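The values are calculated or read from the model by the stated rules, or taken from the named source; none is laboratory data. Treat the numbers as computed from the prediction; the structure is a model and nothing was measured. Because the Cβ atoms are built from the backbone with ideal geometry, glycine has one as well, and the counts that use them run over all protein chains shown.
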Amino acid sequence: MSKEQKIALGGGCHWCTEAVFQSLKGVTKVEQGYVASIKENEWFSEAVIVYFKEAQIPLKALIEIHLHTHKSTSNHTMRNKYRSAVYFYTSQQGEQINAILKGCQREFNNQIITKSMLFNGFKPSSEAIQNYYKKNPEKPFCKQYINPKLKLLRSKYSNYIKLN
């Protein structure tokens, strides 16, 4: 039985990120909220914590999916709140993430701006917006922003999609 691992991901709106990662095999839980990093980046930004079983979905696949399902190569006008980041919990995990990010660069025409950052805190979102897409798939926000991400996920990463 593979041990459960976790990684935190920031990629724009956490409603979108939550919906993407809830759709994946091997992901056992997704917590939506706000993540902080080390002192010079101590402000909180929208993110999710993804719990996963590496035997079912490798960390490399999670990061690739993350990079392809948000604007990982362009700055957002509210970049502090919507920071593109992969937060690590140990230095070993940080080294692994940096190597994966470097290897993924060749898949993009522009420079990846996603930061690899030490995880330093989490505040969950209010219950009212947890599982936002599952509760509100017909809302205009979901149709405009989340549905295209899920469509991309199904076309590019169908081997990782949950069948339920």
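Some points to look at:
- When residues in segment 99-110 are screened for being part of a loop (DSSP other than H, G, I, E, B) and within 18 Å of the chain's Cα centre (by Cα), 1 of them pass.
- Qualifying residue in segment 85-92 (condition: under 14 Å from the mean Cα position of the chain (by Cα), surrounded by fewer than 22 Cβ atoms within 10 Å (Cβ to Cβ) and part of a helix (DSSP H, G or I)): no
- Tally of residues being in contact with a Phe, Trp or Tyr (Cβ under 8 Å, 6 or more places away or on another chain) and modelled with pLDDT under 95 across segment 43-67: 4
- Residue match in segment 18-30 (condition: surrounded by 17 or more Cβ atoms within 10 Å (Cβ to Cβ), of a type in the set (Asp, Glu), touching a strand residue (DSSP E or B) at 6+ places or on another chain (Cβ under 9 Å) and closer than 20 Å to Asn120 by Cβ): no
- Flag if Val35 is aliphatic (A, V, I, L, M), without any contact (Cβ under 8 Å) to a residue 60 or more places away in the chain, surrounded by 20 or more Cβ atoms within 10 Å (Cβ to Cβ) and within 23 Å of Ser91 (Cα to Cα): no
- Glu40 being closer than 22 Å to Asn80 by Cβ, surrounded by fewer than 23 Cβ atoms within 10 Å (Cβ to Cβ), among the acidic types (Asp, Glu) and modelled with pLDDT of 95 or more: no
- Residue check, Lys149 basic (Lys, Arg), on the phi < 0 side of the Ramachandran plot, in contact (Cβ under 8 Å) with a residue 40 or more places away in the chain and surrounded by 15 or more Cβ atoms within 10 Å (Cβ to Cβ): yes
- Residue in segment 122-145 that is assigned to a helix (DSSP H, G or I), exposed (fewer than 12 other Cβ atoms within 10 Å of the Cβ), touching a residue at least 12 places away in the same chain (Cβ under 8 Å) and among the acidic types (Asp, Glu) present: no
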